[in-house]
Every structure is written in structure tokens, then in C-alpha cells.
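Read through the structure below, which is laid out as C-alpha cells, and then see the notes.
The values are calculated or read from the model by the stated rules, or taken from the named source; none is laboratory data. Note that the coordinates shown come from a computational prediction; the quantities given were computed from them, not determined experimentally. We place every Cβ from the backbone using ideal geometry, glycine too, and count neighbours over all the protein chains shown. Remember, those area values only see protein heavy atoms, side chains included, never the ligands or the DNA or RNA. Shrake-Rupley method; radii C 1.70, N 1.55, O 1.52, S 1.80 Å.
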Amino acid sequence: LKAFQEIRGPELESQAPGCAVFGAMLLRSGKRLRNSACPWRTLRCIHQTPAGCCRSFCKLSSAEDRTVAVNNEAPAFAPLMLDPAQTMDKLVAVAGVRADRPVGEMFASAFLGGTYLAWGGSMFVLVAGGCSGALAATVPGLHSLIAALVFPSGLSMIVLTGTDLLTSNMMYGVLPFLTLPGRTLGKKVMDLSKLWTVSFAGNALGSMLIAACASAWIFLPGSPGATFIAAAAAKKCALPLTTLIGKATCANWLVNLAVFQATTATTTAGKMAGVWMPVTAFVALGLEHSVANM
């Protein structure tokens, strides 16, 4: 930052007033500026490079903010949580561009999302299958809760890495129909079809990969985990169609509530906490999640 200020400071100050002043303030205060997640609420990151400005630096967004820098006052930090209206605005903004990515990028993201959820599912199988049979027989609710507590690790990986999950993309695909009246119906339908199809394919292949690895190296035939998951799969497939649809609806309700709660948080710990209880609830209640069932 010091070298940047010395070499580019005068040029930047003449073309983007306030940048060099803010750089000097950072040097004096010892703060580190991160381009990926700018900690200053009053700053906005430059993702283009006008006037030779480096991508790793931010510029002040208004004359008022430049006054703060000149007076050597640190701007206030962003809040740790968003209120529900701010959270909804953020989700709508994501939904508006969710399907604009290239198909290959979307598929890779969905493939990784499928593997991450499958790792969480593997943890669930390990705990549920490894618990004492007596516990499951005498206190089934406690057995279900203990096993369900580890499953949210999968959705936490997805939320924190920004990868794609079919069931959260169901929400993102529908939101433009409700919140973007200026977009044509044809564009909305095409975006939804693309998002759901690619997410389904990527999640399914990612899940298959981890299922193959887990069955080959972790849950060997005859092991408690293998016995548990085989019985669970047979039980799920025997459910009536109406019951499956009802349970799937409730599961995705809770999954998207988890995504909403995670979006309210601006910290890693907050996002993980937001995910944990809704996902624990749907697993403990025995609801049906399409990607988990993959």
C-alpha cells in the first residue's frame, strides 16, 4: 500500500479524488484493506480499473466519505446482521443474475455443491448407523436428533463457498417471477429452466461420486453405516407419492429458511449458525430432501 501511494498517489488523486488520502489514512491506522470483502461500510470496491487504479484498492463513494478520511476518522463497520427487508433485497439481487452464468460454470458449481451435501450426508450416516441400536429402539427421537446435528455441515460448506444447490436454486429461480416485473416472461422461464436443469445434473453427479467413494472406502458392506443407509433407502422408496411430496415441500421450506437466515449474517459464524437449526429440524423430522436423497 505504501508503494502504491508513493507511485500512484498523485496520479490517482488527480483522477479519483480521495483515494490517496484514504491510502494515507490506512497507513497511519495500520488497517488492511481487503478487496473481496471490504470492511468499510462507506466504501465500494472497484472491480474495473479506470485511471490505472489497482483492483486491490477502494475509492470513497462520496464527498462526505472523503471528509471522514481527511479528518482521520475510521468509518463505521457494517452491521453483523441484515434485517429481513435487507435480506430479501440481497436474495432478489442474487436471483436476478443467478442464471446469467455460463452453463459450464454453473455445472461445476452444482457438481461441487452435490459433493459438499453428500459429505454432510456421510457424516449423518456415520453417526446414525454408529449409534447403539438400543438407543434407536428406546429413545428414537434422541437418536434422530443426535444424527441430525451433523448433517448441516454439508449446507454450511455450500453457503460459505457459494456453490449451487438445486433446492435453494428453486427459490432463486422463482423469485424473478415475483420481484422483477420489468423482465419478460420468456426470459424468466428460460432462466428458471436453465438453472434447475443444470443444478439437478451437477448435484446428482456430485452426489454419485461421493456415494461411490463412501461405499468403497468408508461404509463397507456389512458395516453399521451401510446397513443403516440401505434400510433408510428402502423405507424412503416405500412411501406413498403424496407423503413424499408433502415431506419434500416441508424439507425445502426449511432449507430455504436456512438460506434466508444465513443471508442475514455477515460473518462466517453467523452464517453457519443460521443454517444449523432449520436443517437439523428437517433431518430429525425425517423429511425428504431431493439432493440429500441422491
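Screening the candidates Asp164, Asp191 for the property of being among the acidic types (Asp, Glu), surrounded by 15 or more Cβ atoms within 10 Å (Cβ to Cβ), assigned to a helix (DSSP H, G or I) and in contact with a helix residue (DSSP H, G or I) (Cβ under 6 Å, 6 or more places away or on another chain) yields one hit, Asp191.
Residue check: is Pro181 over 24 Å from Val275 (Cβ atoms) and of a type outside the set (A, V, I, L, M, F, W, C)? In short, yes. Restricting attention to region 167-179, the residues that are open to solvent by 60 Å² or more (accessible area, probe 1.4 Å) and touching a Phe, Trp or Tyr at 6+ places or on another chain (Cβ under 9 Å) total 1. Report whether or not Gly120 is modelled with pLDDT of 80 or more and surrounded by fewer than 18 Cβ atoms within 10 Å (Cβ to Cβ). Considered against the rule, which asks whether it is modelled with pLDDT of 80 or more and surrounded by fewer than 18 Cβ atoms within 10 Å (Cβ to Cβ), Gly120 comes out as no. Inspect region 117-137 for any residue being more than 19 Å from Ile229 (Cβ to Cβ), part of a helix (DSSP H, G or I) and touching a residue at least 12 places away in the same chain (Cβ under 8 Å) and give the result as yes or no. Checked against the condition, which is being more than 19 Å from Ile229 (Cβ to Cβ), part of a helix (DSSP H, G or I) and touching a residue at least 12 places away in the same chain (Cβ under 8 Å), region 117-137 yields no hits at all. Only residues that are open to solvent by 60 Å² or more (accessible area, probe 1.4 Å) and more than 20 Å from Gly113 (Cα to Cα) were counted across region 135-155, and they come to 7. Within region 199-222, one or more residues are within 16 Å of Asp100 (Cα to Cα), assigned to a helix (DSSP H, G or I) and either of a type in the set (D, E, K, R) or at pLDDT 95 or above (or both). Considering region 261-276, the residues that are out of contact with any helix residue (DSSP H, G or I) (no Cβ under 6 Å at 6 or more places or on another chain) and in contact (Cβ under 8 Å) with a residue 40 or more places away in the chain include one that is surrounded by the most Cβ atoms within 10 Å (Cβ to Cβ), namely Trp276.
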